[in-house]
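Every read-out reported here was derived from the displayed coordinates using simple, explicitly stated rules and does not represent laboratory data. None of these values were measured; they are calculated from a predicted model.
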Amino acid sequence: MGFKRFLAAFGVGGPKVDTVLVAPDTRPGALLEGHVELLGGDADARIDEVAVALASRVEVEGAEGEQAVGAEFARLPVSGPLVLAAGERTSLPFRYPVPWQAPLTDAGRGPLPGAVLGLRTDVVIGMAPDKGDLDPVHVHPLPAQDAVLEALLRLGFVLKGTDVETGWLRGTRQEFPLYQEFEFHPSPEYAHAVREVEVSFVADPHGMDVILEFDRRGGLFGGGGDSYGLFRVEHTEDGDWTGRVASWIDAALDRYRSVHGAGGYEPYGHQGYHGHHDDDHHGGGGMMSGAAGVAMGVAGGLAAGYVAAEVVDEFTEGGEEEPEEE
């Protein structure tokens, strides 16, 4: 086994550390298993703690506009204080429960464009964490998540990309101050009214909230702006997902039309029921298995996306980002 790095606090000749995952592919709610390997250096070393944490590439708004940073969440201690003797080799096993709301990185035949997630190992020395590189983790969708994404493809929506943003989705069971968005070009049926559709999942052990956000074009129902829909499904649900998702879309847009009409109307998401970046509320089949034309279009979109190993270097050091204010 080749150790990846020296512990920086001790310099060359100090202890080395490496993290090995049994399998990097997982799903929300599953266990990610592995072990942290430590190799003693030229002298005994006192270590305060060893921990692992998932880290995601997150889009945040700054003084110079939107930028990507690395944000850790759901930290798991692997070991408490220990003394690593000179030349000693020790293995610390762990079973990391993948959060139900962990961002997805893969679907269908490959990586989702823009999605990056990794497991970082922190070795705490002198109360300061020595942060390692990210070991890529591939989080695949739950059956209900996969069914919703596939239904959108069958309805003619085209995946543009994904990103993880800071903030809170009002009215959901959100656990962390960040959430993932799947951005779709509208299907031809809705292209005259909608510029873009964004989908988010907020899962828990029993089911998930599905949030649909529509960036409306101006003119058809008055002004532009956003419309929202929030729907709840259980993990055990099955049936006609294409029809179900189509009914969600129609219900969200019909509600806006019925209330808005041609006059001035505050968009659905701004009425207190649902909205992005709300800091006050803390509230199966394969994706590619649709018709041949849809499958080819989505495969091309995924191929144009990011590969996790190529984006990990863009992560920056630092703590979790503060939620973006509404």
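A few comments on the model shown:
- Relative counts (whole %) of C-alpha pair distances in segment 5-140, using bins that are 10 Å wide: 12, 39, 29, 17, 3
- Intensity falloff of segment 4-82 expressed as log10 I(q)/I(0), Debye formula with alpha-carbon point scatterers, at q = 0.17, 0.19, 0.20 Å⁻¹: -0.87, -0.97, -1.01
- Averaging the sequence gap over all C-alpha pairs within less than 8 Å and six or more residues apart, then dividing by the number of residues, gives segment 86-245 a relative contact order of 18 percent.
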